[in-house]
Amino acid sequence: MTAFDEAEFWRARYARREPSGAQLGHEHAFIVREVLRRAARHASILDVGCGDGTLAHKYLKGLDQRWTGWDVSPDAIQTLRRRGLGEAVETDITQPRNVGTADLVVCFNVLYHLPTEAKVRQVLANIANACSKTAMILTWNTRVLERGPLGKQGKLAKHCFLWPLWTPPGHEVVEEQTIPGSPHKTLLVTRPTDD
Ligand SMILES: C[S@@+](CC[C@H](N)C(=O)[O-])C[C@H]1O[C@@H](n2cnc3c(N)ncnc32)[C@H](O)[C@@H]1O
């Protein structure tokens, strides 16, 4: 069996102009509110796996923070550049990256798409390297899912069950919120322990 190549999957998906999943209205409202709640204390934002900026476009309205987005899809990056949101970098976030820092690093709806635990850990290490103050990670909350139909049918990727480990190395969780109306997703807010 060929291993799932998430980078190729997303490149092809944006090339076909398929939505990234970023069209979830209720989820967006929640994330935008939570980013805005913190943005004032942060001069720069890095969005890891930012897609075409549909979500960033919403939370950046009215903010003048320096914004950088990382994504593997050339089409998504092209759209970001057209939108002029900030610096759009085409990169594979599952490879070691240790460049620059941002006060606030966000990673929404990305980790559970990665096919191996090693890739999840590398992305978390990249987030830790880049983050100087706060990280916000939106994950599938498998503590709920494993009790629901998907979990019972055994249809969850094995590494989804590592959810409690989805904290960047050297960080501590300072907040954990379930999305209202979407109990299968949790927002983790973390910060470096030596902060
Ligand atoms: C479900 S979309 C989420 C987009 C956006 N963060 C949001 O919440 O609306 C997942 C994103 O992760 C990106 N992604 C997946 N694997 C990646 C990888 N290995 N390197 C860089 N980006 C990746 C995809 O291209 C896609 O834009």
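The values are calculated or read from the model by the stated rules, or taken from the named source; none is laboratory data. It should be emphasised that the depicted structure is a prediction, and the values quoted were computed from it without experimental measurement. Cβ atoms come from the backbone with ideal geometry, glycine included; neighbour counts cover every protein chain shown.
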Run down Glu34, Glu27 and say which single residue is assigned to a helix (DSSP H, G or I) and within 15 Å of Thr134 (Cβ to Cβ). Glu34
Considering Arg97, Arg121, which residue is part of a helix (DSSP H, G or I) and on the phi < 0 side of the Ramachandran plot? Arg121
Pairs under 9 Å by beta carbon, first residue more than 16 Å from Arg66 (Cα to Cα) in segment 27-38, partner crowded, with 17+ Cβ neighbours inside 10 Å and β-branched (Val, Ile, Thr), six or more apart or different chains? Glu27/Ile179; His28/Thr54; Phe30/Ile179; Ile31/Val106; Ile31/Ile179; Glu34/Val189
Of everything in segment 10-23, what is modelled with pLDDT under 85 and either surrounded by 11 or more Cβ atoms within 10 Å (Cβ to Cβ) or near the ligand (Cβ under 10 Å from one of its atoms) (or both)? Give them in sequence order. Pro19, Ser20, Gly21, Ala22, Gln23
Single condition Asn129 does not satisfy, out of (1) in a strand (DSSP E or B); (2) of a type outside the set (Lys, Arg); (3) without any contact (Cβ under 8 Å) to a residue 40 or more places away in the chain: (1)
Given His26, His113, His57, His42, which one is modelled with pLDDT under 90 and out of contact with any Gly (no Cβ under 7 Å at 6 or more places or on another chain)? His113
Residue hits (segment 60-75; outside any loop (DSSP other than H, G, I, E, B) and either over 17 Å from Gln95 (Cβ atoms) or modelled with pLDDT under 95 (or both)) are Leu60, Arg66, Trp67, Asp75
Would you mind stating whether Asp47 is surrounded by 14 or more Cβ atoms within 10 Å (Cβ to Cβ), within 8 Å of the ligand (Cβ to nearest atom) and free of Cβ contacts under 8 Å to residues at least 40 places away in the same chain? no
